[in-house]
Amino acid sequence: MTNIQSDPYVILGITRSATPEEIKDAYNQLLKRLHPNHNKYPAAAQQMQAINDAYNLLMDPVHRRRYDDKSPAQQQEQQEKGAYFHMRLTPSKRTIIPLPETQVIYVLVDVIAPQEGLKLMEEHHTPLNLTLIIDHSKSMEDEGRMNKVKAAAQTIITELAPDDIISVVAFNDRATVIVPAQRAEDKMALRARVSMIQPRGGTEIFQGLNAGYQQNRQFLDPQKANHIILLTDGRTFGDEQSCIELAQKAATEGISISAMGLG
């Protein structure tokens, strides 16, 4: 039986109920685009090998039945065996038509740690020193961004271990410490404080970044994962260089920063 390390249905872009005719059609379409006679890129040859393996497996009734009879957990274990993580890509389009214009394609990426990795992580938990910096300027009302960000922050708080450190800063044209740096013990109270954040004012990222940096430094420890997450929906006004310099300073002290744009 072909040793295949990825889902053959995903490779061919077909459903699990696909008929042999549908499998052949999908294979032939891929063949026209990726066969070495038509596509000279080295990556195409590697992709074609995976496509051939998937096609041969699914066109063999016995091998296909054996694959389908495996539980999802068994299939995932086979795919993840020997890997540090498993990545699953789901594109918004399976095929792309050549057009003389810009096209937009979205890809959902799921990164999944093997069960062995999860067990190891549980055994060797690194305490977290986390600061959430939340933009609550007036524009965060648009498209329900404020509610989505608050829900995400509350979910993060719920997942923290009791010995993790959490602090929350909200900012518009000035910063407010919503949750001073503390252990994540009373999660209900922490979530309640986040729920009270309301959108108003303008946007000055440095105000929030500096306040969050100061909160994170209170429990700065090389034995902890010291991290700041900045969530904002817009550009700051005139303080870009100050933000960059502060981020560089934080990095030298062992504080990492993730910035997420909304909208």
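The values are calculated or read from the model by the stated rules, or taken from the named source; none is laboratory data. Quantities reported herein were computed from a predicted structural model and do not represent experimental measurements. Here the Cβ positions follow ideal geometry from the backbone for every residue, glycine too, while neighbour counts run over all protein chains shown.
Observations on the structure shown:
- Being of a type in the set (G, A, S) and within 19 Å of A259 (Cβ to Cβ) is a property that does not hold for G201.
- Applying a threshold of 9 Å to beta carbon distances and a minimum spacing of six or more residues, or different chains, the list of pairs starting in the range 236-263 at a residue that is on the phi > 0 side of the Ramachandran plot and ending at one that is in a helix (DSSP H, G or I) and basic (K, R) reads G263/R145.
- So E204, is it charged (D, E, K, R), farther than 25 Å from P127 by Cβ and over 25 Å from the mean Cα position of the chain (by Cα): yes
- All conditions in (1) surrounded by fewer than 20 Cβ atoms within 10 Å (Cβ to Cβ); (2) touching a residue at least 60 places away in the same chain (Cβ under 8 Å) hold for L130, with the sole exception of (1).
- Among residues that are farther than 17 Å from M196 by Cα and part of a loop (DSSP other than H, G, I, E, B), D142 is not included.
- Among the residues of the range 122-150, those that are at pLDDT 90 or above, of a type in the set (S, T, N, Q) and closer than 30 Å to P222 by Cβ comprise N129, T131.
- Residues of the range 174-201 classified as farther than 24 Å from G234 by Cα and in contact with a helix residue (DSSP H, G or I) (Cβ under 6 Å, 6 or more places away or on another chain), total: 4
- For the range 108-121, the criterion of being out of contact with any His (no Cβ under 9 Å at 6 or more places or on another chain) and either modelled with pLDDT of 70 or more or within 30 Å of V177 (Cα to Cα) (or both) is met by at least one residue.
- Count of the range 254-263 residues, restricted to those that are of a type outside the set (G, A, S) and at pLDDT below 95, is 2.
- Against the test of being in contact with a Phe, Trp or Tyr (Cβ under 7 Å, 6 or more places away or on another chain) and of a type outside the set (A, V, I, L, M, F, W, C), the options S167, S195, S242, S258 yield a single qualifying residue, S242.
- Taken over the range 15-42, residues that are at pLDDT 85 or above, surrounded by 14 or more Cβ atoms within 10 Å (Cβ to Cβ) and assigned to a loop (DSSP other than H, G, I, E, B) amount to 1.
- Scope the range 217-246; condition touching a strand residue (DSSP E or B) at 6+ places or on another chain (Cβ under 7 Å), farther than 25 Å from R145 by Cα and at pLDDT below 95; matching residues: D221, K224, A225
- If you filter the range 1-14 down to residues that are among the aliphatic types (A, V, I, L, M) and surrounded by fewer than 16 Cβ atoms within 10 Å (Cβ to Cβ), you find that the one that is modelled with the lowest pLDDT is M1.
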